[in-house]
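K.L.:
Just passing along the structure, written as structure tokens.
The values are calculated or read from the model by the stated rules, or taken from the named source; none is laboratory data. This is a predicted model, so every value here is computed, not measured. When we count neighbours, we look across all protein chains shown, and the Cβ atoms used for this are built from the backbone with ideal geometry, even at glycine. All accessible areas refer to the heavy atoms of the entire protein, side chains included, with ligands and DNA or RNA removed. Shrake-Rupley method; radii C 1.70, N 1.55, O 1.52, S 1.80 Å.
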Amino acid sequence: MENDMVLLNDAQVAEFIVNGYLVLRNELPKALHDGVMRQIDYVLGEEGNPGNNILPRVPDIGKFFETPVVRGALTSLLGPDYYMHPHRHMHYNQPGNQAPGGGQWHKDGYWSSMRSHRPWWVMLFYYTQDITEDMGPTAIMPRSQYGEKFPGRETVLPAGKAGTIALVHFDLWHKASLNTSQLDRYMLKFQFVRLREPAAPSWNHDANFAPAFPADLPDGHLNLWQDVWRWLLGSEGRASEAAFAAGTLGEASPAELDARLSAEDAAVRARAADRLGQLGEAAAGSAAKLGERVGDAAEDVGLNAAYALGRLGAAGTAEL
């Protein structure tokens, strides 16, 4: 394998922060994928699913994660000294199984001591064969990684040629989809972990790039996304804190945004909280009302209110 890494670019990192996943592909010889499939078939037939022991039983799998594409993507998001977590699994989705993998939307278990919106952990869903949507690829729910409640939004079925990879935030909601084809579907799930906070961007970063995070999504989290971006930049992000000032507020004044925190529509309340956070200490007068919204029945509202308070200086800190 060549040593050069294919690092992510700024737009890909920003997309991962918002949507919680990227689809990549390893261009590897068909013989390697086919050979791994034969070894997996043998192990399954002789021993059953080896679970965490899949890599020692089929060591050629390790070659999938030493490619420039995979090493570059993991380095970009987790830093150069990431490591492969010992939990991994071979997912086997057979035709006719009406509840593959249990059939339920879920987040993976609490392997770390505490969940974080910042990307300390990622997962790779790796397909060793050509995958079409009717073969039941793992369904993922974009922008669902920051909430605990099941959001029930649109889903994506990453499919493609052998070597297709879904690189996903550890907390993204996902599930196996129904395999309506006549073929068995295999997927290797591996987890990777960041070992230290970023000191500098580890992807192909342009210092002049400013992420254009979507401003009007009903489930948008501008303050949260910007925090992740700054954190990944390390010292550069701390130095450019002032770059994330207002600019997505439209024509609404602070008083109007404050009033919208009481709107009947949860999406309006969520956007108002997000925009007040963008104002920073200029919105300190809304701290008490934002504090009330932290307990909002709509999770997106509460999340945005909490992150907004974190941007309001002393008044926000006291309210938190």
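K.L.:
Would you look at the GNM of the chain, springs on alpha carbons closer than 10 Å, and say which of Asp265, Asp184, Asp296 moves the most?
P.N.:
Of Asp265, Asp184, Asp296, the Gaussian network model singles out Asp265 as fluctuating most.
K.L.:
Quick one: longest stretch of the chain between exposed loop GluC sites (Glu not before Pro), exposed meaning at most 15 other C-beta atoms within 10 Å and loop per DSSP?
P.N.:
155-250
K.L.:
What does the charge dipole of region 93-197 about its Cα centre add up to, to the nearest 20 debye, if the Cβ of each Lys and Arg holds +1 and the Cβ of each Asp and Glu holds -1? Please list the in-between numbers first.
P.N.:
On the way: 12 positive and 9 negative charges, 84 e Å.
Roughly 400 debye, rounded to the nearest 20.
K.L.:
May I pose another question? With contacts defined as alpha carbon pairs under 8 Å and 6 or more residues apart, what's the relative contact order of region 165-320 in percent?
P.N.:
18
K.L.:
So, with a 1.4 angstrom probe, what is the percent of accessible area on the chain that is carbon and sulfur?
P.N.:
Carbon with sulfur: 52 percent of the solvent-accessible area.
K.L.:
Also, quick follow-up: Take Asn208 and Ala11, extend 7 Å from each Cα along the Cα→Cβ direction, and tell me the distance between the two endpoints in nm.
P.N.:
1.6
K.L.:
Below 8 Å, C-alpha to C-alpha, sequence gap of six or more: please give me the relative contact order for region 39-158 in percent.
P.N.:
Numbers: 64 pairs, mean separation 21.0, N = 120.
Answer for region 39-158 is 17 percent.
K.L.:
Given R₀ = 22 Å, FRET efficiency for Asp34-Thr132 by Cβ-Cβ distance, to 0.05?
P.N.:
Numbers: r = 18 Å, r/R0 = 0.81.
Calculated value: 0.80.
K.L.:
Turning to a different aspect of this structure: Treat each spin label as a single point 7 Å out from the Cα along the C-beta direction, and report the Lys63 to Val193 distance in nm.
P.N.:
2.9
K.L.:
How much accessible surface area, in Å² rounded to 10, belongs to the heavy atoms of His89 with a 1.4 Å probe?
P.N.:
In the full protein context, His89 sits at about 60 Å².
K.L.:
Please check: in the Gaussian network model of the chain (C-alpha springs, under 10 Å), which one of Asp258, Asp219, Asp108 has the largest mean-square fluctuation.
P.N.:
It is Asp108.
K.L.:
A further question on this structure: Please calculate how many Å² of accessible area the chain carries per residue, with a 1.4 Å probe and no DNA, RNA or ligand atoms counted.
P.N.:
On a per-residue basis, the chain sits at 44 Å².
K.L.:
Over the chain, what is the mean sequence separation of C-alpha contacts under 8 Å (at least six apart), divided by residue count, expressed as relative contact order in percent?
P.N.:
Reported as a whole number, the value is 19 percent.
K.L.:
Under a Cβ-Cβ cut-off of 11 Å, what is the net charge of the residues other than Gly302 that fall near it, where Lys and Arg count +1 and Asp and Glu count -1?
P.N.:
After counting each charged neighbour, the total is -2.
K.L.:
Hey, another quick one. Which is farthest toward the positive dipole end of the chain among Val122, Gln12, His205, measuring Cα position about the Cα centre, with Cβ charges +1 (Lys, Arg) and -1 (Asp, Glu)?
P.N.:
Among Val122, Gln12, His205, the one farthest towards the positive end of the dipole of the chain is Val122.
K.L.:
Using DSSP to call loops (not H, G, I, E or B), can you name the chymotrypsin sites (Phe, Trp or Tyr not before Pro) in region 31-95 whose Cβ has at most 13 other Cβ atoms within 10 angstrom?
P.N.:
Hits after loop and neighbour filter: nothing returned.
K.L.:
If DNA, RNA and ligands are ignored and the probe is 1.4 Å, what is the ranking of Leu28, Leu188 by accessible area, most exposed first?
P.N.:
Solvent-accessible surface, decreasing: Leu28, Leu188.
K.L.:
Keeping all protein chains in position, work out how much accessible area Trp225 exposes to a 1.4 Å probe, and write it in Å² to the nearest 10.
P.N.:
Trp225 has an accessible surface of roughly 0 Å² with all protein chains in place.
K.L.:
Helix-derived [θ] at 222 nm for the chain: sum -39500 (n - 2.57) over DSSP H runs of at least 4, divide by residue count, nearest 500?
P.N.:
-9500 deg cm²/dmol
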